[in-house]
1. Has segment 290-305 got any residue that is over 23 Å from R105 (Cβ atoms), in contact with a helix residue (DSSP H, G or I) (Cβ under 8 Å, 6 or more places away or on another chain) and in contact (Cβ under 8 Å) with a residue 40 or more places away in the chain?
2. Just checking, how many residues over segment 162-199 are within 20 Å of H242 (Cβ to Cβ), modelled with pLDDT of 95 or more and not in a strand (DSSP E or B)?
3. For segment 261-271, does any single residue satisfy the condition of being farther than 24 Å from D424 by Cα and among the aromatic types (F, W, Y)?
4. Take residues that are of a type outside the set (F, W, Y) and farther than 15 Å from A521 by Cβ and tell me which of the strands (runs of 3 or more DSSP E) falling wholly in segment 369-464 contain 3 or more.
5. Just a yes or no: is a residue in segment 406-418 among the polar types (S, T, N, Q), crowded, with 18+ Cβ neighbours inside 10 Å and not assigned by TED's automatic domain parsing to the domain that holds H127?
6. Would you mind finding the one in K171, K231 that is without any contact (Cβ under 8 Å) to a residue 12 or more places away in the chain, surrounded by 17 or more Cβ atoms within 10 Å (Cβ to Cβ) and not assigned by TED's automatic domain parsing to the domain that holds E410?
7. Within the bounds of segment 527-550, is there any residue that is free of Cβ contacts under 8 Å to residues at least 40 places away in the same chain, surrounded by 13 or more Cβ atoms within 10 Å (Cβ to Cβ) and out of contact with any Asp or Glu (no Cβ under 7 Å at 6 or more places or on another chain)?
8. From the list P442, P407, exactly one residue is in contact with a Gly (Cβ under 6 Å, 6 or more places away or on another chain), of a type outside the set (S, T, N, Q) and under 21 Å from H101 (Cβ atoms). Which is it?
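The values are calculated or read from the model by the stated rules, or taken from the named source; none is laboratory data. Note that the coordinates shown come from a computational prediction; the quantities given were computed from them, not determined experimentally. Cβ placement follows ideal geometry from the backbone for every residue including glycine, while neighbour counts extend to all protein chains displayed.
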Amino acid sequence: MKRKGMPGRLTALLLVLYLLAAFLPPPGKAVPAQKHRLTILFTHDLHSHFDPNKIVNEHDEVVLLGGLARLAAIVEREKATNPGRVLVVDAGDFSMGTLIHTLFRTEAAELRLMGKIGYDATTIGNHELDFDSSGLASMLTAAKASGDPLPRLVAANIGVKPDKANGSILKQALDSYPVEPYTVIERAGIRIGIFGLFGRSATRDLIWDEDILVENQVATAREIVKQLREKEKVDLIVCLSHGGTQTEGHSEDEILAEEVPEIDFIVSGHTHTILKQPIIKGNTIIGSAGCFGTHLGILKLDCQPGERPTLVSYHLEEVSPELTPVPAIAEEINRYKKIVDREFLAETGYTYDQVLAESDYNLESYVSMRENAVESGLGDLIADSFRAAVMKAEGEAGDYLHLAVHPLGEIRASLTAGNLEVDDVFQVLSLGQGIDRTIGYPLITCYLTGREIKNCLETQSTLAPVSSKYSLQVSGIRFEYNPNRVPFDRVYNIRISTPDGGYEPMEPDKLYRVCASYMTAVMLNKMGSMSYGIISATPKDKSGRPITDLTQALVDADPHRPGVQELKEWAALADYLAAQPDLDGNGIADLPTKYRQPEGRYRAVPSWNPVNILREATYITWGVLAGSVLILVLCTLGVRGIARRMRSRNKTIEV
């Protein structure tokens, strides 16, 4: 029986060998390297937005998008679907934007939660330095001391000035974490080099930069790419760039891709851009997923050693309410919110989710305000709240406060219809720290002459069209400007508030009391250099003496306590909202309807009429006019001289 089966087995064996031979490469031909499918999940500009965000959709409805517990659900899904083949990265500005960042220095909540979600790497954005270099150092130290899993931090072109006290402290923290120029991670059988870059625009946006050195990002990228290819033998290079992409132009990260074509994928942060389709420059892919964690970028690549990756798919997944939050992440977020209540809000009497007021309408969106750079209902609300807070703190003993100003660049969010909670309000004015190093910019008051106030208002007429962050939001003043006039001399018809509730023409040499944030006053000095000294104003006391130390101009929120209790921007807005009348009797204050749209506190009046061009003109316009006349006269004399010489030459030729 066994012998009868031999021919059948032999035939089967020969058939198998034949089939193998048919599919094997001929002698001398290399076997193609196996392709590996890699999934890269990416975010940027999270700005401490742990909870879902109130977003107004195209139907003017408020929807809740984002939330890191929901985002974590997508990460878990992708890792379960593609085990060992998922990379999770972020391109910086992971902090600063909600009440969570009040724990930045002590808890490092952002990095620790990112570690728990499963982020592999992130980089440093400009807002990680909002509490200066010592704040970043404290955060890195707290993160390391926690013992929690943390993402790797890569920053190739950031250095510190060791001769500065805070610089040496930061360097020690950077080395201890450690923050490195690049890192190498293996996924899906390939070696991935990841490095971080700090862009030019991010450098310009640094609030405190005394201790920081930023090297040229293109030159640095070339050097890092060479090390990754030649020394580390990586198969794929990912750049976490806090530089930016703009859908309408040739942006920083597009230039980076062109100048350093060896980069395979750039995660582009800083500009909050949403790229529904990637930008492709040569073999480099550029992706951006917006801000606040409302979307998670998902890039799928086919990779194999020795070759550039192949783009399989790219899309942004909305972090929607349909996603089930990961319980462990949701619990961690709630734990941090309780710490905020205990460590930061307790002194104010507020709690994280406390309802301050309600609104039956949406105010202008953050995006629309940045795009239009004009007066807004939200800006009117903020400026009014500053004046109200100062007058409330000082009582009848305080001097009359004529006006308040606030730049659009310091407004970080808007308010939507529904309940307005403490964190919603904090997000609107979330930036900075005070002289006392507590969270939030404090308010100051000082005196300026009418002439100096006009100089400041020229930021709206001349600088705001160039950069919306200079757009002014005002209270207690009215004015017009003609955009066709000479730059820095476009504002006229200025009327200023009076104690009886009216308005009167502003006098150039009279002193008026002004309220602004501490940072606005600091930025005024920078604007002076930007305008070649044209926009200049010297803070003064009510006697007209210059104030050389702005701490002397701080508003005391509670004069009955020893020392100065800084009156914070965000607290002024919160108190103002909570103090509004309850119109529907439900026990909650109602946002007045007057803020539904701008009140018309200033307006642009374009005109080429000579009367309007010269109306209330200053030396700037008259100087330009005189210069123009002089040039015209010289040109006329020159033309006449040339004509005389030509006539004389022609007569000579005729003779």
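1. Yes: one or more hits.
2. The qualifying residues number 6.
3. For segment 261-271, residues farther than 24 Å from D424 by Cα and among the aromatic types (F, W, Y): present.
4. 418-421
5. Yes.
6. Matching residue, one of K171, K231: K171.
7. Checked against the condition, which is being free of Cβ contacts under 8 Å to residues at least 40 places away in the same chain, surrounded by 13 or more Cβ atoms within 10 Å (Cβ to Cβ) and out of contact with any Asp or Glu (no Cβ under 7 Å at 6 or more places or on another chain), segment 527-550 yields at least one hit.
8. Only one candidate qualifies: P442.
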